[in-house]
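Engineer: Let me give you the structure first, and then I'll get to my questions.
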Amino acid sequence: MTAAKEYIEHIYQKVEQRGAHQVEFLQAVREMFDTIEPAIAKNPQFIKWNILEQLIEPERIITFRVPWVADDGTIQVNKGFRVQFNSALGPYKGGLRFHPTVNESILKFLGFEQMFKNSLTGLPIGGGKGGADFDPKGKSDEEVMRFCQSFMTELQKYIGPLEDIPAGDIGVSGREIGYMYGQYKRLNGAQSGVLTGKPVSMNGSLARTEATGYGLVYYTEEMLKANGQSFKGQKVIVSGSGNVAIYAIEKVHEYGGTVIACSDSNGYIYDESGIDIDLLKQLKEVERKRLTDYAERKEDSSYYEGSVWDFDVDYSIALPCATQNEIDGEKASRMVKNGVYCVSEGANMPSNLDAIHVYLDNKIFYGPAKAANAGGVATSALEMAQNAQHGHWTFERVDQELQVIMKNIFKTVEETASEYDLAGNYLAGVNIASFLNVANAMIFQGIV
């Protein structure tokens, strides 16, 4: 065993000992550690500085209670979190997730991934994540407002435009961001740069809603072009039907591909002629309906219960945009049999380790989430720049900046893989490039 491999395994064992129950976090660390041995071997100073052990421990984890009053007058209590993972490259930046599954392990994995993802954008932002085990679904606007106000009353003690700038994530859209910013403003005065993902009327950025989905397609198109392919004429399946999925579908269609299926938490729709993006937006963004309504309104479309990745139909490109670990080894193998040669991730860690091995063994063009879904945080950083300038950019300018960022990310990934004699292994390229960015910044700053 090489010194680099021995060091990596030693640190991973420490991670397991400290948090054996944190399965999502352990998975994220294992996936990163499995690919960075060449970088450790080439840079022995990382062992001297014990960079890995510093990297895997968040700088700060804040946990707090969130009491709020329901419409029926009862007092409810949820648990809130903010994981400030790493600030070597800039202030903490990462979303807030409101969902019943939120716990420390999930937020640590998200913050760990965010740290590396943010480094790839080339923008001065560190990594963080937060949220609560609160479910906005089924709640009235008044209940969501009261929860957000209580949540921000505690969170505001630890964030600021130059310290930690949260954004939205699952369960946190412009509505929630608006309520939280209103409470922050009441307590601290108007500082619009403290949150991103704000409604445009509150100094939010145009194109932020579209950014993650568009960015995913921009990145994937660069990866396809590097291998003599494109979206044009290709059949595509997208999981999810939220912002990321909707705008990925829209951009795939602009690029000449056809998205034939998308999903929600209960099932999926199949529309061989291509998902009707206007109908999908009407159902999900305006009416907040389920996909069963799409099948009822769109002739020749069908709705099926279960995972869209269990659907047997010929297609070439898979864009998982729903949630973590939605694709396992069995589903990945089924995708390969159905003709998939490209998988690019719009969700955070949607593929488990078994699935990733299937991609690599079958030489799938694989865009890991750290790179492929960086468009959202990149545009959040652009929103920070606009707020600092007290200005407002056009949709076209933000979209153009986003395209440049995503193209540069792929270029960095491709060049890094080649530099380490791993040409075509985009997983290794993503992990090594992002790791080097953060690790070198930490060494430059010393033990802090």
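Engineer: Can you find a residue that is part of a helix (DSSP H, G or I), touching a helix residue (DSSP H, G or I) at 6+ places or on another chain (Cβ under 6 Å) and under 27 Å from Thr101 (Cβ atoms) anywhere in the range 333-342?
Structural biologist: Within the range 333-342, one or more residues are part of a helix (DSSP H, G or I), touching a helix residue (DSSP H, G or I) at 6+ places or on another chain (Cβ under 6 Å) and under 27 Å from Thr101 (Cβ atoms).
Engineer: Anything in the range 303-333 that is among the aliphatic types (A, V, I, L, M) and either out of contact with any Ser or Thr (no Cβ under 6 Å at 6 or more places or on another chain) or closer than 13 Å to Ser265 by Cα (or both)? List them, or say none.
Structural biologist: Val308, Val313, Ile317, Ala318, Ala322, Ala332
Engineer: Another one. Select, from Ala371, Ala355, the only residue that is under 26 Å from Met115 (Cα atoms), among the small types (Gly, Ala, Ser) and out of contact with any strand residue (DSSP E or B) (no Cβ under 8 Å at 6 or more places or on another chain).
Structural biologist: Ala371
Engineer: Just need a number here: residues in the range 277-292 that are surrounded by fewer than 17 Cβ atoms within 10 Å (Cβ to Cβ) and out of contact with any strand residue (DSSP E or B) (no Cβ under 9 Å at 6 or more places or on another chain).
Structural biologist: Qualifying residue count for the region: 9.
Engineer: Suppose we filter the range 178-223 for residues that are among the aliphatic types (A, V, I, L, M) and either surrounded by fewer than 23 Cβ atoms within 10 Å (Cβ to Cβ) or touching a His at 6+ places or on another chain (Cβ under 8 Å) (or both); how many remain?
Structural biologist: Final tally of qualifying residues: 6.
Engineer: Another question, then. Residue check: is Glu250 in contact with a helix residue (DSSP H, G or I) (Cβ under 9 Å, 6 or more places away or on another chain), modelled with pLDDT under 95 and either under 25 Å from Glu414 (Cα atoms) or not hydrophobic (A, V, I, L, M, F, W, C) (or both)?
Structural biologist: Here the answer is no, as Glu250 does not meet what is asked.
Engineer: Within the range 420-434, which residues are in contact with a helix residue (DSSP H, G or I) (Cβ under 6 Å, 6 or more places away or on another chain) and either in the same structural domain as Gly111 (by TED's automatic domain parsing) or part of a helix (DSSP H, G or I) (or both)?
Structural biologist: Those that are in contact with a helix residue (DSSP H, G or I) (Cβ under 6 Å, 6 or more places away or on another chain) and either in the same structural domain as Gly111 (by TED's automatic domain parsing) or part of a helix (DSSP H, G or I) (or both): Tyr426, Ala428, Gly429, Val430, Asn431, Ile432, Ala433, Ser434.
Engineer: Within the bounds of the range 311-326, is there any residue that is in the same structural domain as Ile260 (by TED's automatic domain parsing) and in a helix (DSSP H, G or I)?
Structural biologist: no
Engineer: Something else: Where residues in the range 396-436 are touching a residue at least 12 places away in the same chain (Cβ under 8 Å) and small (Gly, Ala, Ser), which of them is surrounded by the most Cβ atoms within 10 Å (Cβ to Cβ)?
Structural biologist: Residue satisfying both the conditions and the ranking: Ser434.
Engineer: Taking the range 2-58 as the search range and keeping residues that are more than 17 Å from Leu107 (Cβ to Cβ) and of a type in the set (S, T, N, Q), which one is surrounded by the most Cβ atoms within 10 Å (Cβ to Cβ)?
Structural biologist: Taking the candidates together, the pick is Thr35.
Engineer: Just for the range 311-366: of the residues that are within 16 Å of the chain's Cα centre (by Cα) and charged (D, E, K, R), which one is farthest from Leu422 (Cα to Cα)?
Structural biologist: My answer is Glu326.
Engineer: When you check Ala417 against the structure, is it touching a strand residue (DSSP E or B) at 6+ places or on another chain (Cβ under 6 Å), farther than 23 Å from Pro166 by Cβ and in a helix (DSSP H, G or I), yes or no?
Structural biologist: no
Engineer: Could I ask something else about it? Residue by residue through the range 122-158, note down the ones that are under 30 Å from Asn408 (Cβ atoms), among the hydrophobic types (A, V, I, L, M, F, W, C) and touching a strand residue (DSSP E or B) at 6+ places or on another chain (Cβ under 6 Å).
Structural biologist: If the condition is that a residue be under 30 Å from Asn408 (Cβ atoms), among the hydrophobic types (A, V, I, L, M, F, W, C) and touching a strand residue (DSSP E or B) at 6+ places or on another chain (Cβ under 6 Å), then Ile125 is the only one that fits.
The values are calculated or read from the model by the stated rules, or taken from the named source; none is laboratory data. Please read all numbers here as calculations on a predicted model, not as lab measurements. In this analysis, Cβ positions are derived from the backbone assuming ideal geometry, glycine residues included, and neighbour counts consider all displayed protein chains.
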